[in-house]
1. Between helix 613-624 and the chain, what is the angle of the helix's C-alpha long axis to the longest principal axis, kept within 0 to 90° and rounded to the nearest 10?
2. Distance between the C-alpha centers of segment 1-59 and segment 318-365? Whole Å please.
3. When you count, for each residue, the other Cβ atoms within 10 Å and take the mean per peptide, how do 200-210, 402-412, 623-633, 255-265 rank with the highest first?
4. Can you give me the relative contact order of segment 58-212 as a percent, contacts being Cα pairs under 8 Å and 6 or more apart?
5. Rolling a 1.4 Å sphere over the protein heavy atoms, what is the accessible area per residue of the chain, to the nearest Å²?
6. Probe radius 1.4 Å, ligands and nucleic acids ignored: give me the carbon and sulfur share of the accessible area of the chain as a rounded percent.
7. Which pairs, out of LYS367/LYS648; LYS176/LYS556; LYS194/LYS367; LYS176/LYS235; LYS440/LYS556, put more than 22 Å between their alpha-carbon atoms?
8. Give the peptides 378-384, 497-503, 599-605 in descending order of average Cβ contacts within 10 Å, highest first.
Amino acid sequence: MCGILAVINKSSEVSTGVLVSATDIIAHRGPDDAGFLIWNGTSKPVVFAGKDTQPETIGMHNLEPLPAMHNWRVGLGHRRLSIIDITPHGHQPMMLEEDGLSLIYNGEVYNYVEIKEELEALGYTFKTHSDTEVILHAWKEWGNSCLERFNGMFAFVLLDINKNKLYAVRDRFGVKPLYYYQNDNIIAFASEVKQLRILPGYDFELNEKIAFDYLLNGSVDHSEETFDKGILQVKPGHYIDVDLDSNSLRSYEWYSFQPISWYGTEEGAFVRFVDLLKDSVRLRMRSDVPVGSALSGGLDSSTIVCLMREVVSEQERRGHLIETVTSCSEHKKYDEWEFAEEVVRYAKTNSHRVFPTFKKLEEDISKFIWHMDYPFGSTSQFSQWCVFEGASEAKLTVMIDGQGADEQLAGYGGNDLALYSGLFRQGKWRELIAETLHYKKYKGHYPWAFLVGAIQLSIPNGLIKLVPDTYKIKRDTIPDWLKINQIFSSKDWPVDLNSWLKHQVTIGPLPSLLRYEDRNSMAFSVESRVPFMDYRLIEFTLGLPEKMVYRRGERKYILREALKNRVPDRILERKDKMGFVSPEEHWLKNEGREWFKQEIDLASDVLKDFINKEKVLQMLDQMQNGIIPFDFTPWRIICMGRWLDTMKVLRSD
C-alpha cells in the first residue's frame, strides 16, 4: 500500500517543487520510502530521491535529490509502505528502462507469485521479489489485457515513452482510490484529493449536487463526481488513457461486472463458496510484514479470523500467532467483546482492544476529517479509525477484515424490501407467504411496511397516487431544515434482491465504505485487505439464486450454512448486526449533548446557504429529548460544516 502522484506539465510554469509538496502531503500512506521520476519528453526518464528515501536505497540506485526545474513533461511521485520485498529493490518509481515503461503503484496484486511464474516460463527474468515488477513485465507482455489476470486491489499510473502515453488504472471495484484533475497547465492523478488541492491553478468550488445528496441522504462516492467541482474519480474497473501529444484523456472500461449464474446443487454452492473465500484469505495473507485482523465479533470478521487460523494451520506456520484488534465500548448496548472473545478463544488469537470515547472524538476530529478528505456518514467510522490506530500501536502493518460481505450477502435490513419486491413482481406467491411467515417467527411481527412497499414498487406510478401519503415509500421529501428547491438525485429503489445487491456493491454503500477504510487505515500507515472483495467471490455470490443468500428470514444464508463447524455456533446464530458501531446516540443525548449543540450552531453558520439554522437546532433538540427518533443527520451537518470551513483557504474569493 502506498501513495502516488502523476503530473503532466502542459506549460513551462510548473516547478518540480509541486511534485514534492503534493507527494509528501501523503507521507502517512508511505513512511518507509519516497521517490520521484522526471521525463522531459525527449530523453530517458530519470529517477530521483526524496527527503525520506533511505540511504541504502539511494546508494543502490545511485539517486540524486530532485532538483528545482520547470522544463519537464511528466513527473511521478511515490510514497512507499513496504509490504512485499521490503528491501531497496522494491523502490518506486520503477522502470523497465529498455522498454520505456515507468510505474508508480498503490495496492497489491495478490496472485503476483503465479503471474511471475507464468512470465518466467515465457523467458522473463526478475531483479526483485515485488509485485510492482510483475506488473511492469505483465504490461510489456500482454498490454492492458494483463489487468484481467490481476487479482487484487490496485491503482497505478504507467508511463510509456515509446507510445507517448500515460495510463491511470483502477481495480475492478475501486478498493483503492484514484482521482484526477486538469486545468490549463496540468493534468494530475493522485491517491488522495488533498494532493490535487495544493496544485497550481486549483480553486475550490463546491459541487452542490454532491453536497445536497450527502446532506439529504448521506450519499457519498455514488458517482465519479466528488465534493470538489473539477476533481473526478477514475471509475472502478476503468483506466484513463492520456495522449501526451494532444493532452487528451479517454476513459476505457477494462472490467465489466457480470455475475456467474449458479446452476449446481446447494451443497455444491456451499463448497464453492468456502473454497473461494478461503483462497481469497490465503492470498491476502501474503506479506513480508506482520498481518493481523480487525475483529468486531460479527459474522463477517469472525469468519475471516477463523479462516486465517485454518490457513496458518495448513501452512504449518508453527508458533504463528494471529493478532486481532477489536473496538469495544463501556456501554453494553454497543459492545461486542463477548462475541469477539468467543472467536479469540476459538481461533487462539492474541487480542488487542480499543475503546473509542467521546473525549477522544473531540481530540481527533480535526485530523480525522482531514484524512477523510470529505464528509462522512456517522461516527461509526471513528470506531474504525481507532481500530487501525490500535493496529499501528500493535506493530501490525497489514490488517484483514470482513468489509464487503453485507452488500453481496444481504446483510442489511433494507434487503427485506428488495426480496419482497422481487417475489411480488415475479408472482412467486408461495415463496412470498413463506418468507412473510418466517419473518414473523424471526421478528415477532409481520413485515407490513416491507410488504406495502413491495406492492408500491410493483404497480404503475398512476396507481401509487391512490396510496395515502402515510404509506408511500417513493417520496422525495425535503426536510424543513434543508434549503433546496429540487432533488438532485432521486433515491434508488430495489426491483428485486439480486439487482439490489449489485447496486449495493457498485453504487452504494460499499464504495463509500471502501473510501473510509482506505483513509482510516492509511492515516496510521496500515494496509487494509478485504477478502470478501475478491472478484471471483463477488461474481459467484451475485450469481446465486436468491434463496441461497436470503432464506426463511435469515440473511447471509450461504455464509451461515457453509461455515458450520468452522466458525463458533454462537457467532453463526447471531441475529443482530452491529459492526464497528459507536455509541453516537448516547453521546448525542448525554456527555456530548452540549458539544453537539455548539457544533450544530457553528456548522449552521458555515452552511447558511444550505440549511435553516433555527430548524436544525429544533430538530437536534427534539432528537436529544426523544421526541423524534435518533438518526445521523446531526453528525452529517457537523461533519460537513467542519469540512467546508477548512476549504475556505482554497477559495480564490
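The values are calculated or read from the model by the stated rules, or taken from the named source; none is laboratory data. If you're wondering where the values come from, they're calculated on a predicted model, not measured in any experiment. A quick note on method: Cβ atoms are made from the backbone with ideal geometry, for glycine too, and the neighbour counts reach across all protein chains shown. Only protein heavy atoms, including side chains, enter the accessible area calculation; ligands, DNA and RNA are left aside. Shrake-Rupley method; radii C 1.70, N 1.55, O 1.52, S 1.80 Å.
1. Approximately 60 degrees, to the nearest ten.
2. The distance from the Cα centre of segment 1-59 to that of segment 318-365 comes to 38 Å.
3. Top to bottom by mean Cβ count within 10 Å: 402-412, 200-210, 623-633, 255-265.
4. Working: 178 pairs, mean separation 26.7, N = 155.
17 percent.
5. Numbers: 26170 Å² over 653 residues.
That works out to 40 Å² per residue.
6. On the way: 12920 of 26170 Å².
C and S fraction of accessible area: 49 percent.
7. As for pairs spanning more than 22 Å Cα to Cα, those are LYS176/LYS556.
8. Output ranking for 378-384, 497-503, 599-605: 378-384, 497-503, 599-605.
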